[in-house]
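Asks: Okay, here's the structure, questions in a sec.
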Amino acid sequence: MTVSQPFDYSGRSVFVAGGTSGINLGIARAYAKAGASVAVLSRKQAKVDAAVAELREHGGSVLGFVADVREFDAVAAALTSARDRFGELDVLVSGAAGNFPAPITAMSSNAFNAVIGIDLAGTYNVLRAGYEHLRKPGASVINISAPQSSIPMPMQVHACSAKAGVDMLTRVCAIEWGAAGVRVNAVIPGPITGTEGMARLAPTPQIEQVITESVPLARYGTTQEIADCCLWLSSPMASYVTGALIPVDGGWSLGGAAQMFTEMRKFVDNPDHLASYGSQS
Ligand code: NAP
Ligand code: COA
């Protein structure tokens with residue numbers, strides 16, 4: 001069954017931090033197709049240029065910024081620029097993240113801090129710098145979390161810790177910003193096909209198979225399915241939803257995700273297997 005575009009974001013402005021590939025680019029694309037002005041931000045000029053070129057094909061205004069979410073001043077400058085061009089922001093998505101599989105003993109302090117810095121402190125920076133530019137009342141903030149936020153997984157201590165923090169950041173901001181009419185929610189994608197995240201966490205057909213079988217809907221999700229949730233969440237159809245952590249995961253968080261525990265632990269316990277896991281940044 002095909003679904004026609006049910007949301008009209010004409011005249012709305014959307015900023016997607018980390019919006020130049022994978023799930024976040026899918027989210028930016030969905031808002032662009034729905035008529036919004038869209039800004040994306042990430043570290044690599046080539047990725048920003050490619051994303052901007054693609055998003056412009058949908059006909060709306062598009063801006064791209066090169067910045068690292070770990071650098072507050074750079075993030076703040078990008079958000080100020082977007083607001084100057086677009087006016088107050090209606091939707092702010094924070095999705096920049098880094099990940100690699102590694103057991104704690106193969107992870108330096110710098111490695112742990114890199115993921116905490118991007119996922120958690122980066123989300124803080126985007127929300128903290130973004131708040132003054134949000135439309136009040138009416139704006140919607142969406143953080144892209146992960147199943148690791150509530151499900152412990154071996155080789156994921158950095159992502160588990162960071163995304164748990166992202167969920168709490170979501171809920172605290174929802175309380176503090178509710179009176180201003182700003183809603184703050186998190187979307188928790190399950191395993192999404194064709195993404196860098198799953199290329200790193202499920203680098204072999206065998207691991208991919210284990211994951212697929214552990215999802216109640218028996219398949220990976222798509223970037224479009226994550227984007228569809230965001231379109232709804234930032235629309236008037238979700239006007240009483242704030243502080244929610246919403247799994248869009250085919251039911252994976254009901255129990256199947258915990259099977260990753262067993263699968264990934266095999267690699268922790270066997271250094272040869274760890275090498276074959278493709279543990280490269
Ligand atoms: P991805 O394609 O690697 O997307 C990450 C994005 O963030 C890229 O645009 C990247 O661009 C940017 N980025 C990374 N570090 C950054 C930094 N320090 N500053 C600014 N931008 C930065 O990965 P993905 O798999 O689609 O994941 C997207 C989001 O979904 C993440 O929040 C992830 O935790 C979440 N998620 C993914 C899955 C999945 O199945 N893939 C499942 C659950 C949750 P640059 O390299 O140019 O910086
Ligand atoms: N195992 C163990 N440690 C690793 C690692 C791995 N597979 N990959 C990177 N590291 C370590 C590095 O060795 C370094 O530690 P050190 O200084 O003690 O040697 C630390 O992590 C930081 O690496 P660096 O490459 O300098 O960080 P960065 O800020 O340039 O990149 C990463 C951040 C490591 C998260 C990188 O993988 C990245 O940019 N990822 C973005 C894309 C992504 O992960 N997408 C999926 C999102 S779910």
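Asks: Hey, SER161 hits all of (1) outside any helix (DSSP H, G or I); (2) surrounded by fewer than 19 Cβ atoms within 10 Å (Cβ to Cβ) but one; which does it fall short on?
Replies: That leaves (1) as the condition not met.
Asks: Something else about it: Restricting to segment 55-78, and then to whatever is open to solvent by less than 50 Å² (accessible area, probe 1.4 Å) and in a helix (DSSP H, G or I), can you tell me which residue is farthest from TYR9 (Cα to Cα)?
Replies: Among those that are open to solvent by less than 50 Å² (accessible area, probe 1.4 Å) and in a helix (DSSP H, G or I), it is ALA74.
Asks: I've got another one for you. Which condition breaks for LEU201 when tested against (1) touching a residue at least 60 places away in the same chain (Cβ under 8 Å); (2) among the hydrophobic types (A, V, I, L, M, F, W, C); (3) closer than 30 Å to LEU134 by Cβ; (4) surrounded by 21 or more Cβ atoms within 10 Å (Cβ to Cβ)?
Replies: In the conditions (1) touching a residue at least 60 places away in the same chain (Cβ under 8 Å); (2) among the hydrophobic types (A, V, I, L, M, F, W, C); (3) closer than 30 Å to LEU134 by Cβ; (4) surrounded by 21 or more Cβ atoms within 10 Å (Cβ to Cβ), LEU201 misses (3) alone.
Asks: Moving on to the next point. PRO236: farther than 17 Å from GLN148 by Cα, within 16 Å of ligand 1 (Cβ to nearest atom), open to solvent by 20 Å² or more (accessible area, probe 1.4 Å) and not polar (S, T, N, Q), yes or no?
Replies: no
Per-residue answers, yes or no, for (1) touching a Ser or Thr at 6+ places or on another chain (Cβ under 8 Å); (2) closer than 19 Å to GLY122 by Cβ:
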| residue | (1), (2) |
| --- | --- |
| THR20 | yes, yes |
| GLY35 | yes, no |
| SER81 | no, yes |
| VAL91 | yes, yes |
| PHE100 | yes, yes |
| THR105 | no, no |
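Asks: Among the candidates ARG183, ARG128, which residue alone is more than 23 Å from SER42 (Cβ to Cβ) and open to solvent by 20 Å² or more (accessible area, probe 1.4 Å)?
Replies: ARG183
Asks: Check PHE7, PHE15 and return the single one that is out of contact with any Lys or Arg (no Cβ under 7 Å at 6 or more places or on another chain), assigned to a loop (DSSP other than H, G, I, E, B), more than 10 Å from ligand 1 (Cβ to nearest atom) and not polar (S, T, N, Q).
Replies: So the residue among PHE7, PHE15 that is out of contact with any Lys or Arg (no Cβ under 7 Å at 6 or more places or on another chain), assigned to a loop (DSSP other than H, G, I, E, B), more than 10 Å from ligand 1 (Cβ to nearest atom) and not polar (S, T, N, Q) is PHE7.
Asks: Of all the residues that make up segment 192-246, how many are of a type in the set (Phe, Trp, Tyr) and either at positive phi or under 21 Å from the mean Cα position of the chain (by Cα) (or both)?
Replies: So the answer is 2.
Asks: For residues that are touching a helix residue (DSSP H, G or I) at 6+ places or on another chain (Cβ under 6 Å) and either in a loop (DSSP other than H, G, I, E, B) or open to solvent by 10 Å² or more (accessible area, probe 1.4 Å) (or both), scanning just segment 134-148, find the one that is farthest from ALA238 (Cα to Cα).
Replies: Taking the candidates together, the pick is GLN148.
Asks: Give the residues of segment 177-221 that are touching a strand residue (DSSP E or B) at 6+ places or on another chain (Cβ under 8 Å), in a loop (DSSP other than H, G, I, E, B) and within 16 Å of ligand 2 (Cβ to nearest atom), sorted by residue number.
Replies: If the condition is that a residue be touching a strand residue (DSSP E or B) at 6+ places or on another chain (Cβ under 8 Å), in a loop (DSSP other than H, G, I, E, B) and within 16 Å of ligand 2 (Cβ to nearest atom), then GLY190, PRO191, THR193, TYR220 are the ones that fit.
Asks: So which residues in segment 79-106 are away from ligand 1 (no atom under 14 Å from the Cβ), open to solvent by 30 Å² or more (accessible area, probe 1.4 Å) and of a type in the set (A, V, I, L, M)?
Replies: ILE104, ALA106
Asks: Are any residues in segment 27-54 surrounded by 23 or more Cβ atoms within 10 Å (Cβ to Cβ) and within 10 Å of ligand 1 (Cβ to nearest atom), and if so, which ones?
Replies: The answer is ILE27, ALA28, VAL40, LEU41, SER42, ALA51.
The values are calculated or read from the model by the stated rules, or taken from the named source; none is laboratory data. The structure displayed is predicted, hence computed values, not measured ones. Glycine gets a Cβ as well: all are built from the backbone with ideal geometry, and neighbour counts include every protein chain shown. SASA here: full protein model, heavy atoms, side chains in, ligands and nucleic acids out. Shrake-Rupley method; radii C 1.70, N 1.55, O 1.52, S 1.80 Å.
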